[in-house]
1. What are the residue pairs meeting all of these: first residue in segment 131-146, first residue within 22 Å of residue 22 (Cβ to Cβ), second residue among the acidic types (Asp, Glu), Cβ atoms under 7 Å, and 6 or more apart or on different chains?
2. Just checking, which of 315, 340 is under 14 Å from residue 164 (Cα atoms), assigned by TED's automatic domain parsing to the domain that holds residue 132 and part of a loop (DSSP other than H, G, I, E, B)?
3. Is segment 175-194 home to any residue that is among the small types (Gly, Ala, Ser), surrounded by 14 or more Cβ atoms within 10 Å (Cβ to Cβ), under 31 Å from the mean Cα position of the chain (by Cα) and more than 20 Å from residue 283 (Cβ to Cβ)?
4. Going through segment 292-312 one residue at a time, which ones are assigned to a loop (DSSP other than H, G, I, E, B) and under 14 Å from residue 68 (Cα atoms)?
5. Would you check if residue 330 is among the aromatic types (Phe, Trp, Tyr) and more than 25 Å from residue 75 (Cα to Cα)?
6. May I ask you to list the residues in segment 231-243 that are in a loop (DSSP other than H, G, I, E, B) and crowded, with 19+ Cβ neighbours inside 10 Å?
7. What are the residues in segment 206-223 that are among the hydrophobic types (A, V, I, L, M, F, W, C) and surrounded by 15 or more Cβ atoms within 10 Å (Cβ to Cβ), if any?
8. Against the conditions (1) surrounded by 24 or more Cβ atoms within 10 Å (Cβ to Cβ); (2) at positive phi, where does residue 127 fall short? Just the number, please.
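The values are calculated or read from the model by the stated rules, or taken from the named source; none is laboratory data. Computed from a predicted structure; not experimentally measured. Cβ atoms come from the backbone with ideal geometry, glycine included; neighbour counts cover every protein chain shown.
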Amino acid sequence: MSGLLDDTLRHLRALVSYDTRNPPRDIGTGGIFDYLRDNLPGFDVTVTDFGAGAVNLYAVRGKPKVLFNVHLDTVPDSPHWTADPHVLRVTEDRAIGLGACDIKGAAAALVAVAHATQGDMALLLSTDEEANDARCIAGFLKDKPAYDAVIVAEPTKGEAVLAHRGIHSVQMRFKGSAGHASGEQKPSDSALHQAMRWGAAALDFVEKQAHERFGGLTGLRFNIGKVEGGIKANMIAPTADIRFGFRPLPTMAPDRMLETFRTLVEPQPVEFGETFRGDSLPAGDTATAEARRLAARDLADELNIPIGNAVDFWTEAALFSAAGYICFVYGPGDIAQAHTADEWVALSQLQHYAETIYRIIDRGSA
């Protein structure tokens, strides 16, 4: 086991011990941030509280060209953990702990590299990626510091991910007229009947998108996550609420797609609005997205980071891309382990990531 991996695990043990679950996102400017302040030698560190547990730590040493971004918040632990999720367990081949894979392992490696080198380096560590209330990156981008590129850490098995889907969450309501269910009904009488017709039409629309492709991804990802409404079997439902989400390809126009979903059936929903919006990576129209993807590919090649396939999951790299930065996603671990009970990251992945970042910083490319 290398000294760099030893240091990474030491810092990971500390980072996992801090409760940064989101929700409830009960995170202040002390705790994990006090630890990070104490372990970033020679850095100019700024901690910004955006409220409701959304906190940024921005640390800069020298005049770096590349910004490394990692989120420190985790999902809640499930009841199926076999041990305390905030106590790191290290076996022969893996480190197990809440957030070890997604994505405190990367943060620990970056801190270890900061100790092992004296090179120029910039870190943005944030705490609101795991909930639909993004404040940290938006707050950071208001000033838009000058960097050639941003590398966002998520579990990508040590490969540079240049493209991923967007994500849109929507809440909508249909309105009907309460009454006795024994009589003949018009299409507009039952809000639940309207919702069911909408659901069938939405699934038909999604099926027709199967031919669309971008960077190895195909089709439109779609899910009706929740339907509520009605009172009982012999009463016409006066209201019905639907929550659904879709994940478009970078080449799909989300605003046009939202309008399509809103107008699929008559009568149309009386309420319709996004609860979360995350654009795809790379951001922009087809031509702009392709230009940004090629620029990110060139940077990954320059840094000698292998390029992986596009992925279905969303990351905050899309926010940096939309702000005009060259950006890709790169980190240790496998997304299949993220958000699971007894979440783990392979030690070989941690070591390789730490050594890659060390090489980048030590040679002055960042």
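1. So the pair list comes out as 134/128; 135/128; 136/128; 137/316.
2. Going through 315, 340 in turn, the sole match is 315.
3. No, that holds for no residue.
4. First, pick out the residues of segment 292-312 that are assigned to a loop (DSSP other than H, G, I, E, B): 303-306, 308-310, 312.
Passing the criteria: only 303.
5. Details: among the aromatic types (Phe, Trp, Tyr): yes; more than 25 Å from residue 75 (Cα to Cα): no.
No; evaluated as a whole, the condition is false for this residue.
6. Here is the first cut: in segment 231-243, the residues in a loop (DSSP other than H, G, I, E, B) are 231-234, 237-238.
Selection gives 237 alone.
7. Kept after step one, since they are among the hydrophobic types (A, V, I, L, M, F, W, C), are these residues of segment 206-223: 206, 210, 214, 217, 220, 222.
206, 214, 217, 220, 222 - these are the residues of segment 206-223 that are among the hydrophobic types (A, V, I, L, M, F, W, C) and surrounded by 15 or more Cβ atoms within 10 Å (Cβ to Cβ).
8. (2)
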